[in-house]
Amino acid sequence: MSVQQDNGLAEFFVDGVEPADVPQFFPLFEAKPLIGAMIALFRGGDDEVMVRLMVLREIGLRASAPEWTPRDLQSHFAFINQSKLNTVLGRLRDHELLLWDNERHVYQISSAGRMVLSSLSSLLSFSTEQDGEFFAAQIAAGAAVGKLSPEALAHLLARLAELEEEFSQAVASGSEFRLRAAQSKLASVWQWMEKANEVLRNLSADGFADDASWRLAQEIGSRQSRIMRMSSVFQRELAEISRQQVHLSHGGLSSSELAAWLKERNVDELAGLAAEQLSITPECTFILPDVMLDNTEEFVAREQPNRRVSAMPAPAEVEYVDDIQHEPPYQLAALTRLLAGLDAPMNLADGIVGGNFSDASYRLSLLSFLGEQNVDPELAPLAHLPLSLRWNESLELKTIGRDEVAAMSDGYIEPESRA
């Protein structure tokens, strides 16, 4: 490192502090040659960087013949201006991303160049929506070679915390659309969370670099468990919203369906609907209704003393429609019948698994009402049963393998003890 570079780096630190002695900076200081190669690769305008990356990737993809002669490069990159290609090759060679053998007159990618390309390839294989899967893949790769990165664990834990907060806000909002969006997102992240759980489950305490990494792994497992249980919370909240929906006709059209249909329309379509259906556009007024009524009565009494009083016409024949009777979900009645009279502990899986995953999630959400006093009338028969839900202290999942449920947390439903 040159004296000028040392002085430039020292300007970022207070007097008397050596950059290499700072624990947070030391790992980066040690990896400066590799970081310098990445800086050289990505420094410059967007167009230059894109061409540079394309050239380096194409050179690295020829695995059967990793050495390139200048003629090979000119032929392969014939679509690039010759002088520009020479500039790109010169920059890659100057920063040791590309090695030149003077004796044999061939180019070859350096180890640093291949490491950069491998990292870039891993990054490009995941989209921004798959960020959690990328972190889980990093952990799995590190576990496979015995080098579990604490930074990868911290990034995954931070992403899980963001997801948990996002799902909690969706529940707190009470919005059906936010709940369904969160439910869909939970389904998309479920698979990579299972993979991360499997990797961490197969690792013993000896597989971690230090106690801090072990604690991070435990916190990751705890957060993933809470996030996975959000499925039953979403089912319960959506069921509650479904009971409050307003049906607009005998055809079963609900207010939620109407709102969803309107959200799919663009501004022009909504304006067209308003122009066709709304013949009167309400206008703002600054007159209070009670003042308008008083002024109108006074005007009528003063200006039209001999006014004619006409009778209201007879009401038109209309068809009266009774309120649509709401029937509670069949899973609620079936679960109430199953648990009524229970006099011995029942395994949780025997009580809720059956039909499909959606049914099982809904039954599990219903069990949270056991022992509650202020509940809807239709939930009262289940809530007042003298039962309680107990989870096993072990965090291990119980294998189910039926009715769309692979595994679930173990527990049991037991009668409450009588004093």
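Assess whether Pro329 counts as being modelled with pLDDT under 75 and either open to solvent by 100 Å² or more (accessible area, probe 1.4 Å) or out of contact with any Pro (no Cβ under 6 Å at 6 or more places or on another chain) (or both).
Values: modelled with pLDDT under 75: no; either open to solvent by 100 Å² or more (accessible area, probe 1.4 Å) or out of contact with any Pro (no Cβ under 6 Å at 6 or more places or on another chain) (or both): yes.
So Pro329 does not fit the description; no.
So Met115 ticks every box in (1) open to solvent by 50 Å² or more (accessible area, probe 1.4 Å); (2) at pLDDT 85 or above; (3) assigned to a helix (DSSP H, G or I) but one. Which box is left unticked? Of everything listed in (1) open to solvent by 50 Å² or more (accessible area, probe 1.4 Å); (2) at pLDDT 85 or above; (3) assigned to a helix (DSSP H, G or I), Met115 misses just condition (2). Considering the stretch 204-224, the residues that are assigned to a helix (DSSP H, G or I), open to solvent by 30 Å² or more (accessible area, probe 1.4 Å) and not small (Gly, Ala, Ser) include one that is modelled with the lowest pLDDT, namely Asp206.
Say whether the condition of being in a loop (DSSP other than H, G, I, E, B), under 27 Å from His105 (Cα atoms) and of a type in the set (A, V, I, L, M) is met by at least one residue in the stretch 4-17. Spell out how you get there, then give the answer.
Going through the stretch 4-17, the residues in a loop (DSSP other than H, G, I, E, B) turn out to be 11-17.
With the extra rule that they be under 27 Å from His105 (Cα atoms), the set shrinks to none.
Within the stretch 4-17 (the criterion being in a loop (DSSP other than H, G, I, E, B), under 27 Å from His105 (Cα atoms) and of a type in the set (A, V, I, L, M)), the answer is no, since none of the residues qualifies.
Table: residues versus (1) in contact (Cβ under 8 Å) with a residue 12 or more places away in the chain; (2) outside any helix (DSSP H, G or I).
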site: Pro33; (1), (2): yes, no
site: Met38; (1), (2): yes, no
site: Gly44; (1), (2): no, yes
site: Asp47; (1), (2): no, no
site: Glu58; (1), (2): yes, no
site: Ala63; (1), (2): no, yes
site: Pro66; (1), (2): yes, yes
site: Arg71; (1), (2): no, no
site: Ala78; (1), (2): no, yes
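Here the stretch 67-94 is the region considered, the condition is being among the hydroxyl-bearing types (Ser, Thr, Tyr) and under 17 Å from Met50 (Cα atoms), and the residue that is nearest to the chain's Cα centre (by Cα) is Thr87.
Among the criteria (1) modelled with pLDDT of 85 or more; (2) farther than 19 Å from Pro33 by Cα, the one Glu129 does not fulfil is (1). Considered as a group, the residues in the stretch 5-17 that are of a type outside the set (A, V, I, L, M, F, W, C) and either touching a Lys or Arg at 6+ places or on another chain (Cβ under 7 Å) or loosely packed, with under 10 Cβ neighbours inside 10 Å (or both) include one that is modelled with the lowest pLDDT, and that residue is Asn7.
From the list Glu194, Glu198, Glu165, the one residue that fits, being modelled with pLDDT under 80 and surrounded by fewer than 15 Cβ atoms within 10 Å (Cβ to Cβ), is Glu198.
So that you can scan it fast, the table gives a plain yes or no per residue for (1) within 17 Å of Asp94 (Cα to Cα); (2) of a type outside the set (D, E, K, R); (3) at pLDDT below 85:
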| position | (1), (2), (3) |
| --- | --- |
| Gly36 | yes, yes, yes |
| Ala40 | yes, yes, yes |
| Asp47 | no, no, no |
| Arg57 | no, no, no |
| Leu61 | no, yes, yes |
| Thr69 | no, yes, no |
| Asp72 | no, no, no |
| Ala78 | no, yes, no |
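Of the residues examined, Asp21 is not one that is more than 30 Å from Arg104 (Cα to Cα), within 37 Å of the chain's Cα centre (by Cα) and open to solvent by 70 Å² or more (accessible area, probe 1.4 Å).
The values are calculated or read from the model by the stated rules, or taken from the named source; none is laboratory data. Because the structure is predicted, anything quoted here is derived from the model rather than measured. Neighbour counts run over all protein chains shown; Cβ positions are idealised from the backbone, glycine included. SASA here: full protein model, heavy atoms, side chains in, ligands and nucleic acids out. Shrake-Rupley method; radii C 1.70, N 1.55, O 1.52, S 1.80 Å.
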